[in-house]
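The structure appears below as structure tokens.
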Amino acid sequence: MVHFDMGSNTAAKTTREAVDAARMAEVVRFTARTLVTERPVPFGALIVNTKTGKPLQRAVNAVAKENDPSSHAEVRTVRLACRKLKSASLRGYTMYSTCEPCAMCMANLLWSGIDRVVFGATIADANRHCRQIHISASEVAKRSDMQCDVVGPVERDLAYTLFTHPNMLRVFKMWGKGTQAKRGLAVPTSTSKRGDA
């Protein structure tokens, strides 16, 4: 059956936009907790049930902590969520990420079958501070035969505050000088693409 009631669509869209904004604020607050630690990171992710909004899993970037260049927030959150569900599928779930997923993370999300990905800051925003792969999340999704709605930026200015916090700016500066590797905090130039912390 086809419905042509544009009024309810507009209301649903407005409601979804409000929910997306609230969820983004939630994951930004969660990620901001790292800004007062020894290893601050601007990258955090949250997975929720698409229909109910019930949170399933959240995580932050742990590239340096785990000595694993694939330990981006989105990949870690997918890994932890799938373990929790005892399933490789995240159909029926939505991810909120403080930053647009890189190509690696977006591919991982597509393989998981997740319904939606909602991001805050953009790849271009992140690239002001650290190296990036310059392929948008929506481009990765378009080149796939897997379905996933990519929405963003949502609450971009709020998410970008994670990148401009004084402690984060200090760490970005260290990455640029290569001093983090010397101190064992990150691998700044050869392996990490996003948010070494």
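From the list Val27, Val2, the one residue that fits, being modelled with pLDDT of 95 or more and out of contact with any Asp or Glu (no Cβ under 7 Å at 6 or more places or on another chain), is Val27. Taken over region 138-170, the criterion of being under 25 Å from Arg33 (Cβ atoms), part of a loop (DSSP other than H, G, I, E, B) and either more than 14 Å from the chain's Cα centre (by Cα) or polar (S, T, N, Q) (or both) is satisfied by His165 alone.
Of all residues in region 30-63, those satisfying the criterion of being part of a loop (DSSP other than H, G, I, E, B) and surrounded by 23 or more Cβ atoms within 10 Å (Cβ to Cβ) are Pro40, Val41, Pro42, Phe43, Asn61.
Looking at region 157-175 only, could you name the residues that are crowded, with 16+ Cβ neighbours inside 10 Å and free of Cβ contacts under 8 Å to residues at least 40 places away in the same chain? Full working, then the answer.
The first filter runs over region 157-175 and keeps only residues crowded, with 16+ Cβ neighbours inside 10 Å, leaving 158-163, 165, 168, 171-172, 174-175.
The one that is crowded, with 16+ Cβ neighbours inside 10 Å and free of Cβ contacts under 8 Å to residues at least 40 places away in the same chain: Met174.
Answer yes or no: is there a residue in region 112-122 that is among the aliphatic types (A, V, I, L, M) and surrounded by fewer than 24 Cβ atoms within 10 Å (Cβ to Cβ). So far as region 112-122 goes, no, none of its residues is among the aliphatic types (A, V, I, L, M) and surrounded by fewer than 24 Cβ atoms within 10 Å (Cβ to Cβ). In region 64-111, which residues are crowded, with 16+ Cβ neighbours inside 10 Å, part of a helix (DSSP H, G or I) and among the acidic types (Asp, Glu)? Once the filter is applied, which keeps residues that are crowded, with 16+ Cβ neighbours inside 10 Å, part of a helix (DSSP H, G or I) and among the acidic types (Asp, Glu), region 64-111 yields only Glu74.
Are any of the residues in region 89-97 aromatic (Phe, Trp, Tyr) and over 13 Å from the mean Cα position of the chain (by Cα)?
Step one: of region 89-97, the residues aromatic (Phe, Trp, Tyr) are 93, 96.
Filter again for over 13 Å from the mean Cα position of the chain (by Cα), leaving 93.
Looking for residues that are aromatic (Phe, Trp, Tyr) and over 13 Å from the mean Cα position of the chain (by Cα), one finds at least one in region 89-97, hence yes.
Residue count for region 117-130 under the criterion of being touching a residue at least 40 places away in the same chain (Cβ under 8 Å) and in a helix (DSSP H, G or I): the result is 1.
Only one of these is more than 26 Å from Asn67 (Cβ to Cβ), assigned to a loop (DSSP other than H, G, I, E, B) and β-branched (Val, Ile, Thr): Ile114, Ile135. Name it.
On the way: Ile135 fails: more than 26 Å from Asn67 (Cβ to Cβ).
On inspection, the qualifying residue turns out to be Ile114.
The values are calculated or read from the model by the stated rules, or taken from the named source; none is laboratory data. Bear in mind the structure is a predicted one, so any value in this text is a computation, not a measurement. Here the Cβ is made from the backbone with ideal geometry for all residues, glycine too, and neighbour counts use every protein chain on show.
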